[in-house]
Amino acid sequence: MDKLRITGGRPLHGTVQISGAKNAALPEMCAALLTADAVTLNNVPRLRDVATMRQLLDSMGVHTETSGDGVGMSFRAGDPIRPEASYDLVKTMRASVLVLGPLLARFGQARVSLPGGCAIGSRPVDQHIKGMQAMGAEIDVEHGYMVARLAPGRSRLHGARIATDMVTVTGTENFLMAAALADGETLLENAAQEPEISDLAEMLIAMGARIEGHGTSRIHIQGVDRLKGCTHQVVADRIETGTFLCAVAATGGDVRLRHGRADHLEAVIDKLREAGATVEAGKDAEGDFIHVRSSGRLKAQSFRTTEYPGFPTDMQAQFMALNSISQGTSKVTETIFENRFMHVNELVRLGAHVQTDGKVAVVEGVDKLQGATVMATDLRASASLVIAGLVAEGETIVDRIYHLDRGYDQMEAKLRTIGADIERVR
Ligand SMILES: CC(=O)N[C@H]1[C@@H](OP(=O)(O)OP(=O)(O)OC[C@H]2O[C@@H](n3ccc(=O)[nH]c3=O)[C@H](O)[C@@H]2O)O[C@H](CO)[C@@H](O)[C@@H]1O
Ligand SMILES: C=C(OP(=O)(O)O)C(=O)O
């Protein structure tokens, strides 16, 4: 099993290229199921979840190709497609549930394994099921699978008003894709507003879908009879961007993030500025950039995770690592997932002072962390341990980094280019 060996204490300097967003690329790969035409995605991040999604699409009979550098992918979902997502693949990646909407909309049937819980929480898919039922699907849960088909006498899903009990990102994406090919109008209320939703909607519009209101909590979709192929550029990964911003803020240094979108990360950038880091954003000849500079200890910041545009749960662990070596005491409240403090015990092994009580972690900033062997428990927990390792005195070994590889494109190589002492050991 691969590990990361990090020798902490080096400030970071230079330029990092931000990759395409995992959480946009995954639904966009599934959107290729909506048409028999070729779909091309550019700026696809090279990471394990993308490889798993490709395997899943391959297993259904989709013809997939990757360009030499791995950031271009094309898909052709001509008939026949086997509309099934097996447990073996779904269990390693929850985003596999995103095939449900496209399969039902185009083929009228789907058999998709229930994803089950994961380290950060129970993560049910009841809202996905309810929404698809509102659009005319019949769904039974049999032997751990959602077995979905159209109601008798129907040849397509139909439009519906769907108001979910809570804001769900992949739920909204499943409904968007299903509604794009449904008969009539769908209104999504309480829709997620994440930039990845808007990016998917823009891709669907390029395929011929009629969608309005994406980026707000009310999305209107007028179903069309068929969608066509398209070429789409995956939006920049705001969580990778935020992870690098926190790493530089924690270690000190001066780094330019190429293609980072500050407008997608305002809640995090506001906190970094309040903490005392300098963050500037703009556009140059190569496109969007974010420039971050930091020196000395920052001021700890309290925050509460909420849906976009609030502070992202996917940045909670990384910002907590920064808080753990900042001046003062901060309160971190996690409102999205019930078990997303798995990194706390590992940060404590590195010398952090953190106490949790239910949804709240109280972090008392310390002067320094000390290197130790720690274990990654989930994707963003891994990133927080890397940040802590970059500031800790001496050597830190981060074990079980297969979690990190799920969602970061060449993280250690990127960190090395800006001066980190980090290597992968097998
Ligand atoms: C591939 C992807 O895009 N993953 C992101 C997506 O996950 P994902 O889409 O799975 O997360 P959701 O937005 O659906 O989850 C939000 C909350 O709703 C609950 N819920 C959700 C659906 C449902 O049917 N029933 C239910 O109870 C969840 O357990 C959670 O407590 O959004 C999360 C919240 O921003 C991010 O952390 C993940 O990185
Ligand atoms: C929780 C995450 O991803 P997923 O929904 O794929 O588990 C994440 O990206 O932090």
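Here are some notes:
- Descending semi-axes in whole angstrom, ellipsoid equivalent of the stretch 95-188, from the Cα gyration tensor: 21, 16, 10
- Residues whose placed amide H lies under 5 Å from that of residue 329, excluding near-sequence neighbours: 365
- Largest to smallest principal axis extent of the C-alpha atoms in the chain, angstrom: 68, 46, 40
- Classification of the stretch 281-426 by its C-alpha gyration tensor yields a rounded form. The axis ratio a/c (a ≥ b ≥ c) stays under 1.5.
- Estimated D of the stretch 280-328 in µm² per second, where Rh is the Kirkwood radius over Cα pairs and Stokes-Einstein applies at 37 °C, 0.692 mPa s: 253
- Ellipticity estimate at 222 nm from DSSP helix runs (n ≥ 4, -39,500 (n - 2.57)) divided over the chain, nearest 500: -9000 deg cm²/dmol
- Residues whose placed amide H lies under 5 Å from that of residue 393, excluding near-sequence neighbours: 369, 370, 371
- The stretch 133-152 versus the stretch 339-372: alpha-carbon centroid distance in Å: 43
- 5 Å-binned pair-distance histogram of the stretch 212-354 (Cα, whole percent): 2, 9, 16, 19, 17, 13, 9, 6, 4, 3, 1, 0
- Residues whose placed amide H lies under 5 Å from that of residue 138, excluding near-sequence neighbours: 149, 150, 151
- Note on the stretch 54-145: Cα Rg divided by 2.2 N^0.38 Å, N the number of residues, gives 1.16.
- Cα gyration tensor category, rounded, prolate or oblate, for the stretch 186-276 with a/c compared to 1.5: oblate
- Build a GNM of the chain with springs between Cα atoms under 10 Å apart, and of 199, 126, 237 the one that fluctuates most is 126.
- Relative to the compact-globule estimate of 2.2 N^0.38 Å, the Cα radius of gyration of the stretch 161-205 comes out at 1.06.
- Per residue, the convex hull spanned by the Cα atoms of the stretch 140-291 amounts to 158 cubic angstrom.
- Of 22/368; 359/414; 91/271; 228/283; 22/414, those spanning more than 26 Å from alpha-carbon to alpha-carbon: 22/368; 359/414; 91/271; 228/283
- Computed over the Cα atoms of the stretch 340-382, the ratio of the radius of gyration to the Kirkwood radius (Rg/Rh) comes to 0.95.
- In percent, rounded to a whole number, the relative contact order of the stretch 203-308 is 23, using alpha-carbon pairs under 8 Å and six or more apart.
- Relative to the Cα centre, the charge distribution of the stretch 226-370, modelled as +1 at Lys and Arg Cβ and -1 at Asp and Glu Cβ, gives a dipole magnitude of about 100 debye.
- Dipole magnitude for the chain: computed about the Cα centre from +1 point charges on Lys and Arg Cβ and -1 point charges on Asp and Glu Cβ, it is near 340 debye.
- Among 4, 47, 24 - extreme Cα towards positive end, dipole of the stretch 1-54, charges at beta-carbon: 4
Just so you know, all these numbers are worked out from the coordinates, no wet-lab data involved. As the structure is a prediction and not an experimental result, all values here were calculated from the model. Neighbour counts are summed over all protein chains in view; Cβ atoms, including those assigned to glycine, are modelled from backbone coordinates with ideal geometry.
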